[in-house]
Amino acid sequence: DKLLDQKPLVQHILDAAKGSKLLNDIYLNSEGEIFREIADNSDVKFYLRPNELSTNKATNDDFVLDFINSVECDLIIQLLPTSPFITSKEIDEFVSTIIEKNLDTLISVADVQIECIYNKLPINFIQKEQTPPSQDLSPIKSYACGIMGWKVKNFRQNMKNYGAAYHGGDGTTDFFTLKGNSTVDIDNEEDFILAEAVSASLKGEQK
């Protein structure tokens, strides 16, 4: 696991989860035994997922279904270590939203407020008209994925009906907008360099 601000990447989201007032049991879910020590040192539980879920073909649907088949729970909140700047406050706001709105699925998104194209066609602007300043455009909501939530009963039913539940399906689905640093998603080396810059900036602000 790469180090960000001298801590394993996963440690950042574990610390945020531990600071939450609304999460009950916290699990570090991995197929790698090396993460058990991090879980123990963080005073959270460790879930060793099967080796067959360590391949590139395994999906979030597979991870969640495997977990809820082994650990009894009514509501599952998934936090990804690749989004290290999500805060405890945002986690609690997310959990409050899914409970208060009685949602089956809640998906984290980020607003993209610029002209957007899909399949060579404009989405949020008219190609033959002048567009207003970008801040006045209707935002496109892209998946942030750093935090996701599902009612377990509904997730199971969607997996049974469709073989997929990550995006919702039957039931009530809504979207939770993340902003600023919380939308940083580390997928490659360039993203990690950006995350290091964000971390350094945050440390400077705290001095």
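Couple of notes before you dig in:
- Candidate set from the range 1-28 (those that are open to solvent by 30 Å² or more (accessible area, probe 1.4 Å) and in contact with a Leu (Cβ under 7 Å, 6 or more places away or on another chain)); member that is nearest to residue 49 (Cα to Cα): 1
- The range 35-60 - residue that is of a type outside the set (D, E, K, R) and part of a loop (DSSP other than H, G, I, E, B) and, of those, surrounded by the fewest Cβ atoms within 10 Å (Cβ to Cβ): 56
- Condition check for residue 172: hydroxyl-bearing (Ser, Thr, Tyr), in contact with a Lys or Arg (Cβ under 8 Å, 6 or more places away or on another chain) and either surrounded by 14 or more Cβ atoms within 10 Å (Cβ to Cβ) or closer than 23 Å to residue 78 by Cα (or both): yes
- Subset of the range 1-34 [touching a residue at least 24 places away in the same chain (Cβ under 8 Å), among the hydroxyl-bearing types (Ser, Thr, Tyr) and in a strand (DSSP E or B)]: 27
- Comparison of 101, 203, 128, 141 shows that the only residue that is farther than 19 Å from residue 61 by Cβ, under 18 Å from the mean Cα position of the chain (by Cα), open to solvent by 40 Å² or more (accessible area, probe 1.4 Å) and of a type in the set (Lys, Arg) is 141.
- Test: residue in the range 171-192 that is modelled with pLDDT of 95 or more, assigned to a loop (DSSP other than H, G, I, E, B) and either within 16 Å of the chain's Cα centre (by Cα) or over 20 Å from residue 16 (Cβ atoms) (or both): yes
- Residues of the range 61-81 satisfying the condition of being crowded, with 17+ Cβ neighbours inside 10 Å, out of contact with any His (no Cβ under 8 Å at 6 or more places or on another chain) and assigned to a loop (DSSP other than H, G, I, E, B): 80
- Tallying residues that are closer than 19 Å to residue 70 by Cβ and part of a helix (DSSP H, G or I) within the range 159-170 yields 2.
The values are calculated or read from the model by the stated rules, or taken from the named source; none is laboratory data. Predicted, not measured: the structure shown is a model, and the values here were computed from it. Heads up, the Cβs are rebuilt from the backbone with ideal geometry, glycines too, and the neighbour counts pull from every protein chain shown. For accessibility, only protein heavy atoms count, side chains too; no ligands or nucleic acids. Shrake-Rupley method; radii C 1.70, N 1.55, O 1.52, S 1.80 Å.
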